[in-house]
Amino acid sequence: VGGLPNLAELPAPKLSFEFFPPRTEALEAQLWACIRRLEPLQPRFVSVTYGAGGTTQARTHATVARIIRETSLTPAAHLTCVGAPRGEVDDVARAYWDAGVRHIVALRGDAPAGVERYEPHPEGYAYAADLVAGLARVAPFEISVAAYPETHPTAQSAGHDLDNLKRKIDAGATRAITQYFFDTDTYLRFLDRCAAAGITVPIVPGIMPVSNFVQMKKFSAMCGAGVPEWMGRLFEGLEEDADTRRLVAAVVAAEQVRLLQANGVDEFHFYTLNRSDLVYAIAHLLGARPAAPGQA
Ligand code: FAD
């Protein structure tokens, strides 16, 4: 009989957590409560996003710098190249290096709201692969990039998108983190396609615990993540019942990660949305345990 793996026989999972830079003092307090709660789980790194078109440049930097100053965590800074000349992007990267950041999540970013089609800046890095190559010239960063198990929404084809991922790896990235997905088979098939294309770096699944289903569905339509019908059924009728929604969300994410684990996946990147409770519980179910005091 198949089934879920025996936790006692598995090594601890390798975890990373993603945060967004806070806009207000209240959100800052929420982020830091989240960081403090997750810190003892000793993630391999924690990453901080870069707002659309660089709009959070200063806040991303400040958040990453505080993580270095005040925690035992290893930060990764997201960086996008949309809408900026190469020199400006290089300067941001250099400032990260000087602040002690050694890991960049290198992304293209999206066209600003209201602009239908992405156009590269005339003096900019046109695509993430160009940014990866540029970063390697700035400093010897560790570089992660984005991958899309369900294909990037504006890609010419799934094949073109996979070629693009390969170009990002060939340019120097050593890890891909996926867009979130809910259909485990899609991700596992994507791993097979990556392997067939000669991509050998880890393709770490991005896990999004969902507690606001309605909002997530809207967002997913924009970023090309499929929301299976069974998920809609699970959240049906719970629009006004946040408590039950959270319990359902925990079960959905727990089933997803345990199924991935049963298929040999041992690395997980969590989109925390700066909230720790679901993420902590799911990491616990995967076998993560806090470090003993003094070891964090
Ligand atoms: P690319 O790899 O450059 O690909 C973008 C599209 O262009 C794809 O369709 C690709 O197939 C196509 N393409 C690539 N090269 C060529 C070429 N030479 N000719 C024609 N087509 C080409 N956004 C933010 O603004 N800030 C963040 O912090 C952020 N973090 C993210 C983290 C993760 C893990 C993920 C998965 C996404 C993140 N995003 C973030 C969103 C990301 O910026 C968007 O998904 C964006 O649309 C694509 O970025 P990319 O790096 O995948 O682009």
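The values are calculated or read from the model by the stated rules, or taken from the named source; none is laboratory data. Given the structure is predicted, the values throughout are model-derived calculations rather than measurements. No Cβ is skipped: glycine too gets one built from the backbone with ideal geometry, and neighbour counts run over all protein chains shown.
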Exercise. Within 13 Å of the ligand (Cβ to nearest atom) and modelled with pLDDT of 95 or more - does that describe any residue in region 208-219?
Worked result: yes
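Matching residues to (1) part of a strand (DSSP E or B); (2) surrounded by 15 or more Cβ atoms within 10 Å (Cβ to Cβ); (3) of a type outside the set (K, R); (4) more than 8 Å from the ligand (Cβ to nearest atom):
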{"site": "G134", "(1), (2), (3), (4)": "no, yes, yes, yes"}
{"site": "S144", "(1), (2), (3), (4)": "yes, yes, yes, no"}
{"site": "H152", "(1), (2), (3), (4)": "no, yes, yes, no"}
{"site": "G159", "(1), (2), (3), (4)": "no, no, yes, yes"}
{"site": "L162", "(1), (2), (3), (4)": "no, yes, yes, yes"}
{"site": "G172", "(1), (2), (3), (4)": "no, yes, yes, yes"}
{"site": "I177", "(1), (2), (3), (4)": "yes, yes, yes, no"}
{"site": "F181", "(1), (2), (3), (4)": "no, yes, yes, yes"}
Exercise. Name the residues in region 186-237 that are free of Cβ contacts under 8 Å to residues at least 60 places away in the same chain, within 13 Å of E150 (Cβ to Cβ) and assigned to a loop (DSSP other than H, G, I, E, B), would you?
Worked result: V227, P228
Seminar exercise, completed: For region 38-49, pairs from a residue that is without any contact (Cβ under 8 Å) to a residue 60 or more places away in the chain and under 17 Å from R102 (Cβ atoms) to a residue that is of a type in the set (F, W, Y) and assigned to a loop (DSSP other than H, G, I, E, B), with Cβ under 8 Å and 6 or more apart or across chains, are V48/F20
Problem set entry | Residues of region 241-296 that turn out to be among the hydrophobic types (A, V, I, L, M, F, W, C), part of a helix (DSSP H, G or I) and over 28 Å from L27 (Cβ atoms), as a count | 3
Exercise. Tell me, which residue of region 36-56 that is touching a Phe, Trp or Tyr at 6+ places or on another chain (Cβ under 7 Å) and part of a helix (DSSP H, G or I) is nearest to R94 (Cα to Cα)?
Worked result: L38
Exercise. Of A95, A84, which residue is more than 16 Å from the ligand (Cβ to nearest atom) and either assigned to a loop (DSSP other than H, G, I, E, B) or more than 27 Å from Q179 (Cβ to Cβ) (or both)?
Worked result: A95
Problem set entry | Residue tally, condition more than 15 Å from the ligand (Cβ to nearest atom) and surrounded by fewer than 18 Cβ atoms within 10 Å (Cβ to Cβ), over region 15-41 | 11
For this session: Kindly list, by first and then second residue, each pair from a residue in region 125-149 that is of a type outside the set (S, T, Y) to a residue that is in a loop (DSSP other than H, G, I, E, B) and surrounded by fewer than 18 Cβ atoms within 10 Å (Cβ to Cβ), limited to pairs with Cβ atoms under 7 Å and residues at least 6 apart or on different chains.
Result: A126/P120; F141/R102; E142/R102; E142/T174; I143/T174
Exercise. Is there a residue being surrounded by fewer than 15 Cβ atoms within 10 Å (Cβ to Cβ), at pLDDT 95 or above and of a type in the set (G, A, S) anywhere in region 114-131?
Worked result: no
Exercise. What tally of residues in region 192-247 results from selecting those that are small (G, A, S), over 25 Å from G172 (Cα atoms) and surrounded by 13 or more Cβ atoms within 10 Å (Cβ to Cβ)?
Worked result: 5
